[in-house]
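Engineer: I'd like to ask you about the structure that follows.
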Amino acid sequence: MKLKTKRVEEIIVPPLPEYSYVCNGEIVSTECKGSMIFRDPDFITIQPQDVLYSFSLSSIVSLKARGRKFRRWSHYLNSYHIQLEGTDTSFLLSSNGFITIYVDGLDFCGVSGDVVYKEYKVITTKKDYDQKLEEMLRLKPHLVISELRDLWISITGYKVIYIDNAIRKELERIVGVTRIECNRIEERDCTTICEKR
């Protein structure tokens, strides 16, 4: 079954490809006569060892980025007030997962704006799945995607932390489109859980 978006955040995450299209009530990656969404991504990935060396995001950025990337990320941290919360640090250290922070420029129907979101990812076994899923849900993500394989399960959570008002207003016009294929969809509090097999 396809996940039908109920809010703008579910249109943005999981990350869109560079070019995607709204066709017949669905967001697809193949070109069609529908409206185009262009995505210009920038991201930084944080692993458990990064927070052991430095607990502030600005220090982590200064360790991981140089030159223009460092200047861009310093600007993002100040403009969008991006930070590592206590729950982010706990997730990294307890789950041995990682966090990728995205700052994407989006363009849709001639309207441009930035969106900022965090992607939390952990790999687990079937035995520990329920516990790891509960840890993920404590982060209050907008969307969680769990992909079940034979020996392991990947759990990815997405939390949108900033959307430019102009691009939000434009994307609100297409809320209700479908995006991703799920075998099972569950709503828990304010989080949509999509299980893939």
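The values are calculated or read from the model by the stated rules, or taken from the named source; none is laboratory data. Since this is a predicted model, take the numbers as computed values, not measurements. Here the Cβ positions follow ideal geometry from the backbone for every residue, glycine too, while neighbour counts run over all protein chains shown. The protein model used for the area step is the full one, side chains on, heavy atoms only, and it has no ligands, DNA or RNA in it. Shrake-Rupley method; radii C 1.70, N 1.55, O 1.52, S 1.80 Å.
Engineer: Any chance you could look up the accessible area of Glu18 with a 1.4 Å probe, heavy atoms only, rounded to 10 Å²?
Structural biologist: Counting only protein heavy atoms, Glu18 exposes about 100 Å² to solvent.
Engineer: Further, regarding this structure: If you plug each phi of segment 178-192 into the Karplus form 6.51 cos²θ - 1.76 cosθ + 1.60 with θ = phi - 60°, what whole-Hz ³J(HN,Hα) values come out, in order, with x for Gly and Pro?
Structural biologist: Values per residue, Gly and Pro as x: 9, 10, 10, 8, 10, 7, 8, 10, 9, 9, 9, 6, 9, 10, 9 Hz.
Engineer: While we're here: 7 Å from Cα along Cα→Cβ at both Ser74 and Ser90: what's the point-to-point distance in nm?
Structural biologist: Placing both labels 7 Å beyond Cα along the Cβ direction yields 3.3 nm.
Engineer: Right, here's the next one. Working only with C-alpha atoms, what are the Rg and Dmax values of segment 89-197, expressed in angstrom?
Structural biologist: For segment 89-197, the Cα-based Rg and Dmax read 15.3, 48 Å.
Engineer: Taking Cα atoms of the chain, Rg/Rh with Kirkwood Rh, to two decimals?
Structural biologist: On the way: Rg = 17.1 Å, Rh = 17.6 Å.
With Rh from the inverse mean 1/r over Cα pairs, Rg/Rh is 0.97.
Engineer: Roughly how many nanometres apart are two label points built 7 Å out from the Cα toward the Cβ at Gln131 and Asp107?
Structural biologist: 4.8 nm
Engineer: Going by amide H atoms built from the backbone, whose H comes under 5 Å of the H on Leu84, apart from near neighbours?
Structural biologist: Leu57
Engineer: Do me a favour and compute the ellipsoid semi-axes for segment 53-144 from its Cα gyration tensor, root of five times each eigenvalue, largest one first, whole Å.
Structural biologist: They are 27, 19, 10 Å, listed largest first.
Engineer: Full extension from Arg197 to Leu148: what is 0.36 nm times the residue separation minus their Cα-Cα distance, to one decimal in nm?
Structural biologist: Full extension of this stretch gives 17.1 nm more.
Engineer: Would you mind getting me the FRET efficiency between Thr178 and Phe43? Use the beta-carbon distance for r and R0 = 30 Å, nearest 0.05.
Structural biologist: Values: r = 25 Å, r/R0 = 0.84.
The calculated FRET efficiency here is 0.75.
Engineer: Right, something else. Could you derive backbone 3J(HN,Hα) for segment 49-56 from the dihedral phi with the Karplus parameters 6.51, -1.76 and 1.60 (θ = phi - 60°), listing whole Hz in sequence and x where the residue is Gly or Pro?
Structural biologist: Result, rounded to whole Hz: 5, 5, 7, 6, 7, 7, 8, 9.
Engineer: Lone cysteines in the chain, going by a 4.7 Å Cβ-Cβ cut-off?
Structural biologist: So, Cys109, Cys190.
Engineer: Looking only at Cα atoms, what is the convex hull volume of segment 10-78 per residue, in Å³?
Structural biologist: Details: hull volume 8.5 nm³, N = 69.
Each residue corresponds to 123 Å³ of Cα convex hull volume.
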